[in-house]
1. Give the residue, chosen from VAL48, VAL41, VAL35, that is crowded, with 20+ Cβ neighbours inside 10 Å and farther than 15 Å from VAL86 by Cβ.
2. Tell me whether region 87-96 contains one or more residues that are modelled with pLDDT of 95 or more, of a type in the set (A, V, I, L, M) and farther than 26 Å from THR151 by Cβ.
3. Just one of the numbered conditions (1) closer than 25 Å to GLU259 by Cα; (2) surrounded by fewer than 18 Cβ atoms within 10 Å (Cβ to Cβ); (3) touching a Phe, Trp or Tyr at 6+ places or on another chain (Cβ under 8 Å) is not true of GLU168; which one?
4. Is there a residue in region 233-246 that is over 19 Å from TRP174 (Cα atoms) and crowded, with 18+ Cβ neighbours inside 10 Å?
5. Please report, ordered by residue number, the helices (runs of 4 or more DSSP H) entirely within region 107-226 with at least 2 residues that are of a type in the set (Phe, Trp, Tyr) and under 30 Å from ASN91 (Cβ atoms).
6. Residues in region 21-39 that are under 15 Å from the mean Cα position of the chain (by Cα) and without any contact (Cβ under 8 Å) to a residue 40 or more places away in the chain: how many?
7. Please name all residue pairs, on different chains or six or more residues apart, with Cβ atoms under 7 Å, provided the first residue is in region 120-146 and is on the phi < 0 side of the Ramachandran plot and modelled with pLDDT of 95 or more and the second residue is among the charged types (D, E, K, R) and assigned to a loop (DSSP other than H, G, I, E, B).
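The values are calculated or read from the model by the stated rules, or taken from the named source; none is laboratory data. Since the structure is predicted, the reported quantities are computational estimates derived from the model, not experimental observations. Quick reminder, even Gly has a Cβ in these numbers, built from the backbone with ideal geometry, and neighbours come from all protein chains shown.
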Amino acid sequence: MELVFLGTAGAETTPKVGCLCRVCQEARLKGGRFVRNGPSVFLAEASVLFDTPEDADKSLEREGIHEVRHLVYTHWHPDHTAGRRVLEQLNMDWLDRKKRRVTDVWLPSWVREDFRKRQGLEENLEYFERAGIARIHEVGEGETFQLDGITVRPFRMAQPGLTAYILERESRRWVFALDDTKDWKPSTEFSDPDLLVLETGWFERDPGGRVIVPPGHPIRNEEASFEETLDMIDRINPQKTVLTHIEQLWARSYEDYLELEKKHHGHKLQFAYDGLRIKL
């Protein structure tokens, strides 16, 4: 089993169109690990895609992934759902209906409730279902479902509509909390996993010391900081942590995050980059 980080940005990708900052200019020049697409991960072998950012099709194409048997959503935010038409690219055959493929779409009940109310998400998925390219499944909190040999359980997080997942296969256990961990108090069920995948969190200052999130800014109340992320790693106590959902706003390049890995080596953490593959 292999975990593929398709995109490791957040709401703002890197480079960000219209931005001429150091980080974006470096990404345009160097490409590769300096570029970050929208947030999404993929479990190879089981063929499970988590979330569909706007550029999901480009990320899948880059990694040579041409089939998605399962699609799991963490929440409704546009940076995680706006690329849902990737199901048409993957599965639709406009000339021969018999050649259409089907992706099973898994929605925790609270996520589906948001899909019914926001941006036509439920209506869009129902259209895909009528077209024969998707099957919608609703699951309750803590309810077990199977994805090609992987046992999965969804749990509500503190922020409205957010989901953390516990995944298990044989004796291995992984925790995915891919966004908005602010005020989340994971239960003991989440403790001591083999792998924890977590959002990075915000930084008060850029590498040069310039304040980027000043006192009183709403981000401080709405998003977890990097320091809070480190505390959460200590609380969950994984064998290894990979941090993702890395905003262009945090003013750090791929090389800056390598330096942070060295500084915080005691936390056994790694900052993800687009195309990172981890054996599970």
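1. Selected residue: VAL35, the only one of VAL48, VAL41, VAL35 that is crowded, with 20+ Cβ neighbours inside 10 Å and farther than 15 Å from VAL86 by Cβ.
2. Yes, the conditions are met somewhere in region 87-96.
3. Condition (1) is where GLU168 drops out.
4. The answer is yes; a qualifying residue exists.
5. Filter on region 107-226 gives 109-117, 121-130.
6. 0
7. Once the first residue is on the phi < 0 side of the Ramachandran plot and modelled with pLDDT of 95 or more and sits in region 120-146, its partners that are among the charged types (D, E, K, R) and assigned to a loop (DSSP other than H, G, I, E, B) give ASN124/ARG84; ILE133/ARG100; ILE133/ARG101.
Results for (1) under 22 Å from the mean Cα position of the chain (by Cα); (2) aliphatic (A, V, I, L, M); (3) under 19 Å from GLY10 (Cα atoms), shown as yes or no for each residue.
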| site | (1), (2), (3) |
| --- | --- |
| TRP202 | yes, no, yes |
| ARG205 | no, no, yes |
| GLU227 | yes, no, yes |
| ILE233 | yes, yes, no |
